1. Check every DSSP H run in chain B and write down those whose alpha carbon atoms cover 18 angstrom or more along the long axis and whose mean Kyte-Doolittle hydropathy is -1.0 or greater.
2. What's the exposure ranking of A:431, B:238, B:47, going from fewest to most Cβ atoms within 10 Å?
3. Using r as the Cβ-Cβ distance of residue B:395 and residue B:144, and R0 as 45 Å, what FRET efficiency do you calculate, to the nearest 0.05?
4. If you take the charge dipole of chain B about its Cα centre, with +1 on Lys and Arg Cβ and -1 on Asp and Glu Cβ, which of B:442, B:325, B:14 is farthest toward its positive end?
5. How big is the gap, in Å, between the Cα center of region B:489-523 and the Cα center of region A:295-318?
6. Among A:159-168, B:407-416, how do they line up from the highest to the lowest mean number of other beta-carbon atoms within 10 Å?
7. Cα-based Rg of region A:1-57 per 2.2 N^0.38 Å, rounded to two decimals?
8. Could you point to the residue in A:240, A:571, A:466 farthest towards the positive end of chain A's charge dipole, with +1 and -1 charges on the Cβ of Lys/Arg and Asp/Glu respectively?
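What follows draws every value from the coordinates through simple rules; no lab data is involved. Values in this document were obtained by computation on a predicted structure and should not be read as measured data. Note that each Cβ is placed from the backbone with ideal geometry, even for glycine, and that neighbours are counted across all protein chains shown.
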Amino acid sequence: MILGVDVGGTFTDLVLLDPHGQIRVHKLPTSVHDPSVAIWQGIADLGADPRAVVVHGTTVATNALLERRGARTALITTAGFRDVLEIGRQTRSELYALYPTRPVPLVPAPWRFEVPERMDRNGMVLTPLDLQETDAIVSRLMEEQIESVAVCFLFSFLNPTHERQVRERIVQPRGSSAPFVSLSCEVLPEYREYERTSTTVINAYVAPLISRYLTNLEEKLGERRLRVMQSNGGTISAEAARTHAAQTVLSGPAGGVMGAFAVARMAGLDQCITLDMGGTSTDVSLCPGRVQETAEGMITGLPLRLPMIDIHTIGAGGGSIARLDAGGALRVGPQSAGADPGPVCYGNARAQEITVTDANLVLGRLDADHFLGGRMKLDVERTRAYMEELARRLNLPLATAAWGVIRVVNSNMERAIRTISVERGYDPRRFTLVAFGGAGPLHACELAAALRIPRVLVPLHPGVLSALGMVLADAMKDYSQTVMLPAGQVSAEALQGLFHALQERARADLHAEGFDDTQIMFQPALDMRYVGQSYELTIPLVPQAGAAAGPSAPGIQEWVRAFHEAHRQRFSHADETEPVEIVNLRLKATGQSPKPRFLYEEPRDLDPRAAVIGQKAVYFAPDSLVPRPLPTTLYERQRLAPGHRLLGPALVVQLDATTLIPPDWAARVDGWRNLIIEPC
Amino acid sequence: MNPVDPIALEIFKNLFISVAEEMGVTLGRTAYSPNIKERRDFSCACFLADGRMIAQAAHIPVHLGAMPASVRAALESFSQWRPGDLVVLNDPYLGGTHLPDITMVSPVLVEGREDPPFFVASRAHHADVGGMSPGSMPLATEIYQEGLIIPPIKLIEAGRLNQAVFDLILRNVRTPAERRGDLAAQMAAHRVGEHRLQEIVAHYGLDQVLRFAGWLLAYAERMTRLAVERIPDGVYRFRDELDDDGFSAAGAGWSGRPESSVGSSAPVIQATITVQGDQMTVDFTGSSPAVIGPLNAVRAITESATWYVIRCLAGPDVPVNSGTFAPVTVVVPRGSLLDADPPHAVAAGNVETSQRIVDVVLGALAQALPDLIPAASQGTMNNLTIGGTDPERGTPFAYYETIGGGTGAGPAGPGLGGVHVHMTNTMNTPIEALEYAYPVRVRRYELRRGSGGGGRYRGGDGVIREIEFLCPATVTLLTERRRTAPYGLQGGEPGAPGRNLLIRQGKASDLPGKVQIRVEPGDILSVHTPGGGGWGSPSDHTEN
């Protein structure tokens, strides 16, 4: 039995998967002060087996970074370079601003220390580590009551001795009372000192918080085994998460993409674009038959260069506020009404600005009586009153103004999807849009129409996809090492030796998490580029089971050929006479646990009338300009069964989402109870 | 009914900018050189047939006003347009800015119309366009020394590449394969832009699209006028100086410098701003005549720098289009440093003089808006070129970088340290990347503490960047604000001027701001970039 638990700012979602493939879901308000209270309550409500593995996604690290409330963190660097963290790439965040800004570094200048030491580009010592100075710095750390220390020396990924010596000087005399220590040679042994320093500092900044949080949770969960979701879409043990804390940042959105992709692949639609539209933001991710990763991750403007699922986020959601700007354009977002005061229709007296949710309500697209399963009544009168006011300022009829709000937010999302598809060389017409999150299923069909995406999939439980993704995730660890070798001069044996070292570390780590060799898969890859380029392409080899990883079977020439090919595909040119260099070695190690198949029921030819719960007028605008009310059938999602076919216009309501099926679109329920919606 | 549809306005804002951005993504993705791919030194834009810009995706503010000038030059050079035409140019005196910036302009033809209703344009900084030194940014006295000059030419005519012209261009540059790749990337971007605009016209109809474009221009103009209106009516003057003309300072330039240049130091830039209601004139009369060194700007750069300031005032929500230019008249005396005539050298007008123009326009506005305008930022890009032969690899190398400094403090708070200011925003090269690729070793890269000007709020600090050479090399520095300091405002102190030092056998000696020198192994170049000016009297130092 596996239990996925996604703790969000507002709700705690639970998904329980039993050995027969039966899924049960639960949603309850997050207990903000101690999240374990709601988790424990949720587990009790579901009556989950005490031996179930709990896979947990937490926003502890993300929130600490957003609110800059992490540990008291210090940084130790090579002498002359303590400001690398602040200077960054010497760019400002905005091109046109009287007062340019840049993210505030997590470690303030007085806590950035430097020590004489230096390696050259071959990892040879130019200046030995000054131990006396090191000890002096360590005493300062103690005086300042530093909780966590990041150490980042130049070229330490080639020769980690100095960083390790510093750790010894901190930890050895103090044992368990020593501060946390994060070494850049362990967190991210890759070149580019700013990105490596930033990633190491992020890890140091959140590690003590994650550790305390997990300790508390483990005490509450008793004998249940706790695993933690990572931003790469895999899980790690709670123990490992304490030292690799930075990998838990952005685990929630990663869970969402993993869940959505798993559902779509099961339905035979593995070329998909995921659309997770929540209250304040929308996450989109493109999955061309697989979940894609990026090594260019950022969090609150700071580089976090650990492999993570490639997700594009924009500030547009159900709570996005609509405003007429000084120049007379209707803008929607990025300001959001959030949970407090919330949209106008939630009835909070301070909520006085129209949001996307309010516009949907005015258009009849949300049903006031069925919102959150009827648990929350929406105030239609109040919403219309504020909408009237906006419409007056727009000089438009009420429904046209509300439709305008939807068109603008859709055009923002359309641009986001174009960014991840068209701009990267993918044609959206060959993809399925997988819509989830509270508001995704409401906007998906019209968005798909604008992008000529031929199909929309709404999963059975669109409100808990992230927790579902956690249930389905494998254990996953990423290893990397900068080598900077000319591809033409390196032997396959030498390369294999380097891979072997990574592989042995990976094997030991996964053994420690309880996986045996038969469950372990290695996926080696090389980051390569033409000599002189400043960006790399990651060239993966096919996954190999158990024993051998690395370029043994296919020689280096195979990798180089694959690089030319990948370069041509991505940048539309390649030059086979140009020398190629190998920048980084990468190894992804997966610990696979058996997963039950989801329950499948053969679709039957059924009459969906049993699922009808009513009729209402909903506004649609087929010509995309003037909305008109059309009689629309209301269905209850729970009563829909495999084989049911619904003709638009229709609304499908369920506890945590509403699906809109426009006129000239039709939906069918597949064997996993997904809604597959296509133009008819 | 409202004559302007607020909803369509927002949607078309998205649509037009996405055309420019998709062009930019294609250009960045398919380009060869790191300067375009990673430093993102390029821009793309869409235009109406009358030359008004309707959207621009820019990473480099200096391209802001320069793109319309290129399209104007193309429109003036040719009157007949066929599908598949493409004009190329880099002539600073005919639509360009400085020679490395190669611009392309192409018409977008649609069904049922003979004349193109739209044009698209792209501009990219090419790593080398020939001339007397690698990188084409020399300490020159004539534009002919700076590289290959391309007047507006139809490089592609009705879909057919003019191979002879293409070959001629490639034969005149140091890295022809890279140039061919980067030029092809620009051409690919144009195909994307043309196609996207045709798609939009097919979907909405030409009349609609033209109407929406008109609305968008009016919208940007309206937003800009609101910003100008907030400036109190009046006449505001300010003047500042460049350090020198690149040849007159002691030891500057190279050994064969023309004697005639001696004494013509400290070129002046002066602006008189007249604000009346929502209209504003920026008059640069009183600025020095063109100088002998490469600091001359062409008119497009002066306009870009002025419009950059206006855009900062108008705020981030205003779309980048010609509407924002309408409320502002720019007057530049012909033949001056700010509207040089041929054959003056212009390479540094783009990168250095443009920064001082911004300082002067902001300085004048500070009198009108004392509670809004920040003190001067570092006012230079600190251009550094290193060339030589790598002893380990036995191959020649050329490396170019620009270095950040301090931004000015203002009523909103202290300045930032170690960042690129105003007219540029390109990334640095990581130290480890630099040492992997070139025979140099970075000894220090840190904030230059205390270099920001004092005041109620301190200016941002400059940086100290020290590079040790591991082999003999030629070093070219093109830097400013070594003599004149970035000014403080409202009682704030000026930022510390920059310094360039050569440390040879442990002994440091000052170098001029603009210089080309030979260095030996073990020599260390130490560049101290300027701090930003402080704001407010230091005696009110209560909130820092």
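1. In chain B, the long hydrophobic H runs are B:6-30, B:176-204, B:206-229, B:299-314, B:354-368.
2. So the residues, fewest neighbours to most, are B:238, A:431, B:47.
3. Efficiency, from the Cβ-Cβ distance: 0.95.
4. B:442
5. 40 Å
6. B:407-416, A:159-168
7. It is 1.04.
8. A:466
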